[in-house]
Amino acid sequence: MGLSPFALSKSHARRLWLRAQRLDEHAPFGDGPGATRAAVEHLGYVQIDTINVIERCHHQILYTRIPGYRREHLRQAQTVDKTVFEYWTHALSYVPTRDLRFYLGAMKWYRQHRSPWFAKVKEEDLRRVLALIGKQGALTIRDIDDDVLVEKEHPWASRKPSKRALQLAFYQGTVTISERTGMLKTYELTSRHFGWQRPPKAASEREILNYELDRALRSQGVVSVDSACYLDAPRKPAMRRLIEARTRRKELVSVELEGTGKLQHWARPEALDAALDPARERVHILSPFDPLIHQRKRLHLFFDYEHRFEAYVPKDKRRFGYFAQPVLVGDEIAAVVDLKTDRERRKLLVQRWTWVSHRSRASRRRRIEEALHRFERFQLAR
């Protein structure tokens with residue numbers, strides 16, 4: 001007869017998640033360039049996004065956990081130390097290079113199958129860009145100026161056949177992004193970038209499942225099948241079997257999370273037994289793509305806060321604003337601020353401030369404003 005699930009209050013669950021995300025302590029990864037590598041390795045991935053209303057989300061996610069973070073630290077990790085690389089997780093992300101073998105299977109799939117996204121890429125275009133990089137070295141799309149432009153297939157597509165070919169070669173793992181300046185990517189042959197004599201051995205499907213579950217346990221504290229397989233539905237049945245096997249071996253404990261009905265969660269027993277300090281009211285301005293925020297259903301479940309990403313919502317229908325940022329105070333989402341950087345006047349503008357908590361607003365406003373001033377200094381640092 002199985003053990004009864006561990007009864008977990010939402011307050012306890014939030015603190016476990018905040019501890020796993022390293023949002024409950026100051027400078028958890030230390031300082032200097034090594035902190036960036038450590039943060040990406042702990043989180044498992046840091047999402048990249050093109051929106052530039054304020055600081056790009058990958059820099060903001062790192063700044064949130066590394067108070068002394070500098071943008072050049074990420075460049076050093078990617079381009080010099082090569083301890084992180086770019087690839088697709090649930091979105092385009094920075095991923096630890098130590099985990100690269102878990103992505104080689106996806107790269108192989110793109111070499112063996114032609115995704116509908118790349119159906120119109122011609123083999124001669126692919127061979128041409130690879131030969132060009134092989135002969136001339138790493139390049140950006142701006143270095144290729146002899147393309148015959150074609151019509152766009154969708155709003156985010158490029159009219160340059162070479163760009164489409166480079167994107168396909170990236171997904172296939174033949175080239176990697178060796179440097180990024182803003183959104184301008186430099187492509188290099190993967191083997192030359194990493195100095196491989198031969199590539200590492202690809203992880204098996206069983207190893208990938210274990211890797212994804214361990215990553216979720218490390219960065220989420222309390223997990224569900226959905227949170228471990230976010231936007232990866234085909235792996236959910238196998239993930240459930242893996243979780244159940246670990247539970248039978250007492251490596252995981254079934255958790256009954258307050259107010260979640262029949263949705264099952266699990267945690268490591270040592271995580272549930274760990275002594276947690278009383279929640280300090282640390283203030284964090286969070287990107288909508290932060291690992292604490294981007295799984296919207298999970299966020300709502302744990303924090304009773306429903307985030308809306310409204311960049312693509314008509315202006316008159318927005319509740320929080322174009323690029324709204326949830327504000328974490330202690331273990332509560334207390335407010336949402338819609339921010340915009342005025343780069344000419346060198347100011348961070350608060351377009352809209354929405355309270356979502358009724359607790360002690362006056363003292364919290366002062367502390368949130370202090371956090372916004374710190375974020376402004378980071379934003380505008382040259």
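For the range 329-382, enumerate the residues that are among the small types (Gly, Ala, Ser) and on the phi < 0 side of the Ramachandran plot.
Going residue by residue through the range 329-382, those that are among the small types (Gly, Ala, Ser) are 330, 334-335, 357, 360, 362-363, 371, 381.
Matches in the range 329-382: Ala334, Ala335, Ser357, Ala362, Ser363, Ala371, Ala381.
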Quick count over the range 176-212, residues being among the acidic types (Asp, Glu) and exposed (fewer than 12 other Cβ atoms within 10 Å of the Cβ), is 1
Looking only at the range 218-231, count how many residues are open to solvent by 50 Å² or more (accessible area, probe 1.4 Å) and in a loop (DSSP other than H, G, I, E, B).
2
Go through (1) open to solvent by less than 20 Å² (accessible area, probe 1.4 Å); (2) farther than 17 Å from Leu18 by Cβ one by one and return the number of the condition Arg318 breaks.
(1)
Near pairs, Cβ below 6 angstrom, 6+ apart or cross-chain, from the range 43-69 (assigned to a helix (DSSP H, G or I)) to any residue that is open to solvent by less than 10 Å² (accessible area, probe 1.4 Å) and acidic (Asp, Glu)
Ile61/Asp290
Given the conditions (1) open to solvent by 20 Å² or more (accessible area, probe 1.4 Å); (2) assigned to a strand (DSSP E or B); (3) under 30 Å from Ala138 (Cβ atoms), which single one is not true for Arg215?
(2)
Step by step: first the residues of the range 107-132, then only those that are part of a loop (DSSP other than H, G, I, E, B) and surrounded by 13 or more Cβ atoms within 10 Å (Cβ to Cβ), then the one that is modelled with the lowest pLDDT. Which residue is that?
Lys120
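In the range 246-262, how many are in a loop (DSSP other than H, G, I, E, B), closer than 14 Å to Ser9 by Cα and either open to solvent by 40 Å² or more (accessible area, probe 1.4 Å) or modelled with pLDDT of 90 or more (or both)?
Taking the range 246-262 as the starting set, the residues that turn out to be in a loop (DSSP other than H, G, I, E, B) are 249-252, 258-262.
So of that shortlist, the ones also closer than 14 Å to Ser9 by Cα come out as 258-261.
Next, from what is left, pick out any that are either open to solvent by 40 Å² or more (accessible area, probe 1.4 Å) or modelled with pLDDT of 90 or more (or both): 258-259, 261.
Number of matching residues: 3.
Listed residues Glu344, Glu369; which is more than 22 Å from the chain's Cα centre (by Cα), free of Cβ contacts under 8 Å to residues at least 12 places away in the same chain and not in a loop (DSSP other than H, G, I, E, B)? If you could, list the steps in order and put the result at the bottom.
Working: Glu344 fails: not in a loop (DSSP other than H, G, I, E, B).
Result: Glu369 is the single residue among Glu344, Glu369 that is more than 22 Å from the chain's Cα centre (by Cα), free of Cβ contacts under 8 Å to residues at least 12 places away in the same chain and not in a loop (DSSP other than H, G, I, E, B).
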Of all residues in the range 323-334 being part of a strand (DSSP E or B), of a type in the set (A, V, I, L, M, F, W, C) and within 22 Å of the chain's Cα centre (by Cα), the one that is nearest to Ala362 (Cα to Cα)
Val329
Identify the residue in the range 155-175 that is open to solvent by 20 Å² or more (accessible area, probe 1.4 Å) and under 19 Å from Trp109 (Cα atoms) and, among all such residues, is modelled with the lowest pLDDT.
Arg164
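Residues checked against (1) of a type in the set (A, V, I, L, M); (2) open to solvent by less than 30 Å² (accessible area, probe 1.4 Å):
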{"residue": "Phe6", "(1), (2)": "no, no"}
{"residue": "Arg22", "(1), (2)": "no, no"}
{"residue": "Arg37", "(1), (2)": "no, no"}
{"residue": "Leu43", "(1), (2)": "yes, yes"}
{"residue": "Thr64", "(1), (2)": "no, yes"}
{"residue": "Gly68", "(1), (2)": "no, yes"}
Under 7 Å between Cβ atoms, which residue pairs at least 6 apart in sequence (or on different chains) link something in the range 9-32 that is basic (Lys, Arg) with a partner that is open to solvent by 50 Å² or more (accessible area, probe 1.4 Å)?
Lys10/Glu258; Lys10/Gly259; Arg15/Ala279
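Evaluate the following for Leu372: is it open to solvent by less than 90 Å² (accessible area, probe 1.4 Å) and within 12 Å of Leu286 (Cβ to Cβ)?
On the way: open to solvent by less than 90 Å² (accessible area, probe 1.4 Å): yes; within 12 Å of Leu286 (Cβ to Cβ): no.
Judged against the criteria, Leu372 is not a match.
Among residues belonging to the range 70-93 that are of a type in the set (A, V, I, L, M) and open to solvent by less than 10 Å² (accessible area, probe 1.4 Å), point out the one that is nearest to Leu209 (Cα to Cα). Show your work before the answer.
Step one: list which residues in the range 70-93 are of a type in the set (A, V, I, L, M), which gives 74, 77, 80, 84, 91-92.
Checking which are open to solvent by less than 10 Å² (accessible area, probe 1.4 Å) leaves us with 74, 77, 84.
On the way: Leu74: 28, Ala77: 26, Val84: 21 Å.
Ranking the candidates gives Val84 first.
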For the range 341-364, state whether one or more residues are open to solvent by 90 Å² or more (accessible area, probe 1.4 Å) and under 28 Å from Arg19 (Cβ atoms).
yes
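The values are calculated or read from the model by the stated rules, or taken from the named source; none is laboratory data. As the structure is a computational prediction, the values presented were derived from the model and not from experiment. FYI the Cβ positions are ideal-geometry reconstructions off the backbone, even for glycines, and counts take in every protein chain you see. For the accessible areas, the whole protein counts, side chains as well, though only heavy atoms, and no ligand, DNA or RNA atoms are used. Shrake-Rupley method; radii C 1.70, N 1.55, O 1.52, S 1.80 Å.
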